[in-house]
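Reading through the structure tokens given below for one structure.
Only the coordinates and a few stated rules stand behind these numbers; no lab work does. Here the structure is a predicted model, which means the values were calculated and not measured. Methodologically, a virtual Cβ is constructed for each residue, glycine included, from the backbone with ideal geometry; neighbour enumeration extends over all protein chains shown.
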Amino acid sequence: MPEDEEDRHEGYRKSPEQVLEDLRSKSMEWLVREVCENHGVAALELCGFSRQAPVPAARADLWTALKVKYRWSYPRIGEVFGVDHTTVMSHVKNYKARKDRNKDDD
């Protein structure tokens, strides 16, 4: 990861293993597996900071499910994933907008 990206996550940073362990403790490991299978990504990629496709879309899918279906707050998702809650808000908003655009195209 580039040095400036490392600095951006200073204070929030959690390892992908820590994120997975947090999700296991909250009984959400099954959801991680489902999202990983749907997007063809590894769980450690999903729980890390990769910005290479298709990882961000998969992460947004997971965060949206946690927010909408399971009513997790943005701060709670951010805490589990080691990111600021506004990052989660942005990903969820953009994910919903992409879904709506795709629905209109059908």
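For ASP105 and GLN18, a Förster radius of 35 Å and the Cβ-Cβ distance give a FRET efficiency of 0.35, rounded to the nearest 0.05. Each residue of the stretch 47-58 was assigned a 3J(HN,Hα) from its phi angle through the Karplus expression (A = 6.51, B = -1.76, C = 1.60, θ = phi - 60°), giving 8, x, 10, 4, 10, 8, 4, x, 4, x, 5, 5 Hz with x at Gly and Pro. Listing HIS39, HIS85, HIS91 from fewest to most neighbouring C-beta atoms within 10 Å gives HIS85, HIS39, HIS91.
For the chain, lysine pairs separated by 8 or more sequence positions, or belonging to different chains, with Cα-Cα distances below 16 Å total 9.
If the chain linking HIS85 and GLU34 were pulled fully straight, counting 0.36 nm for each residue of separation and taking away their Cα-Cα distance, it would gain 16.0 nm.
With contacts taken as Cα pairs under 8 Å and at least 6 residues apart, the stretch 9-105 reaches a relative contact order of 27 percent. Counting neighbouring Cβ atoms within 10 Å and putting the fewest first, the residues VAL32, VAL80, VAL68, VAL88 line up as VAL68, VAL32, VAL80, VAL88.
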